[in-house]
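Undergrad: This structure is in structure tokens; I'll ask about it shortly.
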Amino acid sequence: MRAIAELLEERGLDLTGWRLLEATGVSADGRIVIGNGVNPAGDAEAWLAVLGDDVIDEDGDGVLDADDVCPSVADPDQVDLDADGEGDACDLDDDADGVADAADNCAQAMNADQADFDGDGSGDVCDSDDDADAVADAADNCAWVANGDQADAEGDGMGDACDLDDDNDFVFDDMDNCGVLVNPDQADSDGDGIGDACDADLDGDGVENTADNCPSAANPPQADIDFDGLGDMCDADLDGDTVVNELDNCVQLYNPDQADYEPDGLGDVCDPDDDDDTVPDDSDNCPLDANTTQLDFDGDGTGDICEADADGDGVADAEDACAETELDVLVSPDGCSLDQLCPCDGAAWQRRAWGRHGRYVACMLNAAIDFRELGLLRRNDARRVVEEAARSSCGQRRDRKHVHDHLCRRSHGRGHPSHDVFRPWRAPER
């Protein structure tokens, strides 16, 4: 507030020597002021000052009307935003934007267009949160797009809600198959419109990558022959035998040794016919030895060609002097039965008939004695053998040509002893 002496001096009064102590009254029109003071002589004296019309303060705000930007409205701070000489307290358009304060959505900020983005009644030029997302514009990474979460995938300071390339991979979001993950190549293995960089199912087989044993190769059944956790569709070694598929002769069956008996390029463990004899292994009585005829003399299920004892007489073929011995008969240590040692039709090693019956019986007698001494026959059984030989017609005269032909067939045919592998029976020395 101004001092009364200052005001009076402004009005041309000479107050030299006077010291005004107080003003004690003002007339109703404000033109006359009285008070007490000390005159130039040093005596106390009342004083009266008559002010002219130019010292009126109609609104009583301490600012004379002549200086008051709002003479009729008290406004001691004299604010005049638009500096138009009319104080804000009485100015109907404080910001001078042509919009009356009563209708102006920013009365203190010029905005003739009255723009109000979020429609909250507060104009954009004076609204501290233009998009009404509860984040002040000064801190909002998308001041004009509501994004309360302020998400910013690539951290470039521009929120995803208003960033045309959220992942900064130089592919606009509206064309980017992974809008928030960098993938400038836009690779999309399964062609589903979702880029590989953000696709939870890369191969589109319905199995998510985290559970898929072949994330990059479609395999809905998730087949895994060797149970190594790597699906067959992408496993370079399907059967887990340490031999890569391209070199494995049994791709789907474990066979690290790659055995191929014949060899036909197909490993034994997966070859249905290992010996290539046109008989499948599961029915072949010698699966590793070609034997199309499947001959099995002793009927034990193992083919003759691969059996160590083809006639099943208990004597290995390599030591057997008499092949194809009749089943379930007694044989000598070298694999010959009584009938093979003493054939009814004649001695094969001599390539002729017995000549007479007695020779046949003698042969059988000697053989029976030896079988008995070897513990193969009991005494009574040996006697019965000789008696049956004696009752037989073996060794009796027959047509010589027929006998000769028959003996030749027996001596040279398969399984019958020839003269250089079969010897006449001789009883062991006693």
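Undergrad: Looking at Asp130, Asp93, Asp116, can you tell me which residue is more than 60 Å from the chain's Cα centre (by Cα) and assigned to a loop (DSSP other than H, G, I, E, B)?
TA: Selected residue: Asp93, the only one of Asp130, Asp93, Asp116 that is more than 60 Å from the chain's Cα centre (by Cα) and assigned to a loop (DSSP other than H, G, I, E, B).
Undergrad: Looking at region 162-180, can you tell me whether even one residue there is surrounded by 14 or more Cβ atoms within 10 Å (Cβ to Cβ), not hydrophobic (A, V, I, L, M, F, W, C) and not in a loop (DSSP other than H, G, I, E, B)?
TA: No, that holds for no residue.
Undergrad: Further question: Tell me which residues, restricted to region 258-296, are surrounded by 18 or more Cβ atoms within 10 Å (Cβ to Cβ) and more than 53 Å from the chain's Cα centre (by Cα).
TA: The one that is surrounded by 18 or more Cβ atoms within 10 Å (Cβ to Cβ) and more than 53 Å from the chain's Cα centre (by Cα): Asp296.
Undergrad: If we scan region 339-352, do we find a residue that is among the small types (Gly, Ala, Ser), in contact with a Pro (Cβ under 9 Å, 6 or more places away or on another chain) and not in a loop (DSSP other than H, G, I, E, B)?
TA: Yes: region 339-352 contains one or more residues that are among the small types (Gly, Ala, Ser), in contact with a Pro (Cβ under 9 Å, 6 or more places away or on another chain) and not in a loop (DSSP other than H, G, I, E, B).
Undergrad: Turning to a different aspect of this structure: Give the residue that is modelled with the lowest pLDDT, with candidates limited to residues of region 18-43 that are in contact with a Leu (Cβ under 8 Å, 6 or more places away or on another chain) and assigned to a loop (DSSP other than H, G, I, E, B).
TA: Gly30
Undergrad: Quick one: which residue in Ala46, Ala3 is closer than 17 Å to Asp67 by Cα and at pLDDT 80 or above?
TA: Ala3
Undergrad: The conditions are (1) small (Gly, Ala, Ser); (2) in contact (Cβ under 8 Å) with a residue 24 or more places away in the chain; (3) part of a loop (DSSP other than H, G, I, E, B), and Ala49 fails exactly one of them. Which is it?
TA: So Ala49 meets the others, but not (3).
Undergrad: I would also like to ask the following. So, Asp334, is that one assigned by TED's automatic domain parsing to the domain that holds Val385, without any contact (Cβ under 8 Å) to a residue 60 or more places away in the chain and either farther than 20 Å from Arg384 by Cα or basic (Lys, Arg) (or both) or not?
TA: So Asp334 fits the description; yes.
Undergrad: Assess whether Asp274 counts as being in contact with a Phe, Trp or Tyr (Cβ under 8 Å, 6 or more places away or on another chain) and not hydroxyl-bearing (Ser, Thr, Tyr). Even if it seems obvious, please write down each step before you answer.
TA: Values: in contact with a Phe, Trp or Tyr (Cβ under 8 Å, 6 or more places away or on another chain): yes; not hydroxyl-bearing (Ser, Thr, Tyr): yes.
In short, yes.
The values are calculated or read from the model by the stated rules, or taken from the named source; none is laboratory data. Computed from a prediction, not measured in an experiment: that's the story for all the values here. As a convention, Cβ positions derive from the backbone with ideal geometry for all residues, glycine included, and neighbour counts pool all protein chains shown.
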